[in-house]
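Beneath this line is the structure, given in structure tokens, with notes to follow.
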Amino acid sequence: REIKLRNYDPEDEELKKRKVPQAKPASVEEKVKDQLEAAKPEPIIDEVDLANLAPRKPDWDLKRDVAKKLEKLEKRTQRAIAELIRERLKGQEEELVTAVGSAKQEGSDSD
């Protein structure tokens with residue numbers, strides 16, 4: 001590896017050859033100009049169309065906030081409906097079984 005001297009000022013001629021020249025600061029004028037141009041405000045629009053700014057439906061944010069809760073409730077509702085249908089079917093099956101059983105008993109009595 002080669003020795004590079006950045007901060008040390010050597011007295012030896014051979015070491016002076018290895019000294020790195022002083023770095024000059026870069027010009028920041030262009031960067032400052034670009035930042036100033038970027039900071040300039042755009043022209044302000046005098047007329048504002050309120051129809052474009054207002055939401056189409058005034059309660060859209062409420063619907064958005066309640067949507068997750070409604071999904072949970074919809075699932076619960078579907079489960080409850082399915083359970084009620086099952087109970088009714090079981091009740092009808094039991095009624096059918098009792099009706100068939102009573103019909104058999106009535107039919108056997110007449111013989």
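Ignoring lysines fewer than eight residues from residue 16 along the same chain, the ones with Cα atoms less than 21 angstrom from its Cα are 4, 24. Put simply, the amide H of residue 19, placed in the peptide plane, has neighbours under 5 Å in 5, leaving out anything fewer than 5 places away on its chain. Derived scalar couplings between HN and Hα for the stretch 8-18 equal 8, 9, x, 9, 6, 5, 5, 6, 5, 5, 8 Hz in order, rounded to whole Hz, by the Karplus curve 6.51 cos²θ - 1.76 cosθ + 1.60 (θ = phi - 60°), x for Gly and Pro.
Extent along the principal axes, Cα only, for the stretch 60-106: 66, 12, 5 Å, with the longest axis given first. Among the protein heavy atoms, those of residue 5 account for about 30 Å² of accessible surface (1.4 Å probe, every chain in place).
The values are calculated or read from the model by the stated rules, or taken from the named source; none is laboratory data. Note that the structure is a prediction, hence the values are computed from the model and not measured. When the accessible area is computed, the model is the full protein with side chains, heavy atoms only, and any ligands, DNA or RNA have been set aside. Shrake-Rupley method; radii C 1.70, N 1.55, O 1.52, S 1.80 Å.
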